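The structure appears below as structure tokens.
The values are calculated or read from the model by the stated rules, or taken from the named source; none is laboratory data. For clarity, every value in this text was computed on a predicted model and none was experimentally measured. Cβ: placed from backbone, ideal geometry, glycine included. Neighbour counts: every protein chain shown. Heavy atoms of the whole protein, side chains included, go into the accessibility calculation; ligands, DNA and RNA do not. Shrake-Rupley method; radii C 1.70, N 1.55, O 1.52, S 1.80 Å.
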Amino acid sequence: MKNRRQNQKGFSLIELLVVVSIILIIAAIAIPNLLQARVAANESSSVGSLRTINTAMITYIDNYPTVGFAPTLANLGGANCAAPDQNGACLIDNLLASGSKSGYTFSSTGIGSDTNIAYVAVGLPVAANGNRSYCTTEDGVIHYDPTGANIPDHDSCIALTQLQ
């Protein structure tokens, strides 16, 4: 019996515990950095989506001058792009047109009585997917609220800090 124990190969319990504890320490250091990187990526994607909306709005008003700017995000998207129209202009992808992308929810509202002469588009973080909320208007400038609060209207958007 004694010879058999001395000839056995493998790791002792202490060695396994040391390896597991080292892995846990590395994970404790890495996970917060990964979460911060994810938030930064979601915020960057939100800004890119608002720029896409700005470009689509300019194209929309050029194509449908009697409507003005698109009344909603859904008007900028579209399922049947074989014949785009003012209700589905096929200018943005369906994911963005649905109002949710990369941890942010998006909305856009055309402003005007008969013809939409202005608009406000807003990107709000969902849960802990971002820290800041973003908005843009017909001037094409992206504004942000560092608290991530809702941006209720056109004038509230313009009053926020411009993104540099």
Discussion item. Between helix 13-63 and the chain, what is the angle of the helix's C-alpha long axis to the longest principal axis, kept within 0 to 90° and rounded to the nearest 10?
Written reply: 10 degrees
Worksheet item: Add -39500 (n - 2.57) for each DSSP H run of 4 or more in the chain, then divide by its residues: what number comes out at 222 nm, to the nearest 500 deg cm²/dmol?
Response: -14000 deg cm²/dmol
Worksheet, complete the sentence: Interchain or sequence-distant (5+) residues whose placed amide H lies within less than 5 Å of the amide H of Val141 are none
Worksheet entry | Exposure ranking of Glu138, Glu15 by accessible area [1.4 Å probe, largest first] | Glu15, Glu138
Response to the item:
Relative contact order of segment 112-157 (C-alpha contacts under 8 Å, at least 6 apart) in percent is 33 percent
Discussion item. For Cα pairs less than 8 Å apart in space and 6+ apart in sequence, what is the mean separation divided by the residue count of segment 1-115, i.e. the relative contact order in percent?
Written reply: 20 percent
Worksheet entry | Cut-off 15 Å between beta-carbons: net charge of the residues surrounding Gly103, Lys and Arg +1, Asp and Glu -1 | +2
Item to complete: Can you tell me the alpha carbon radius of gyration of segment 83-158 divided by the globular rule-of-thumb value 2.2 N^0.38 Å?
Response: 1.17
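Measure off, as a whole percent, the carbon and sulfur share of the 1.4 Å-probe accessible area of the chain, all protein chains present.
Taking all protein chains in place, the chain shows 58 percent carbon and sulfur surface.
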Worksheet, complete the sentence: Between Thr105 and residues 5 or more places away or on another chain, the pairs with built amide H atoms under 5 Å apart involve Leu124, Val126
Worksheet item: Ranked highest first by average number of other Cβ atoms within 10 Å, how do 61-68, 142-149 line up?
Response: 142-149, 61-68
Fill in: Net charge over other residues, Cβ less than 10 angstrom from the Cβ of Asn54 (K, R count +1; D, E count -1)
-1
Fill in: Per-residue HN-Hα couplings for segment 70-80 [Karplus 6.51, -1.76, 1.60; θ = phi - 60°; Hz; x = Gly/Pro]
4, x, 9, 5, 4, 5, 7, x, x, 8, 10
Discussion item. Based on Cα coordinates alone, diagonalise the gyration tensor for the chain, multiply each eigenvalue by 5, take square roots, and list the semi-axes in whole Å, largest first.
Written reply: 53, 19, 10
Discussion item. List the residues, sorted by chain then number, that are 5 or more residues from Gly110 or on another chain and whose placed amide H is less than 5 Å from its amide H.
Written reply: Thr72
Item to complete: Which order do the peptides 71-83, 28-40, 152-164 take when ranked by the mean count of other beta-carbon atoms within 10 Å per residue, highest first?
Response: 71-83, 152-164, 28-40
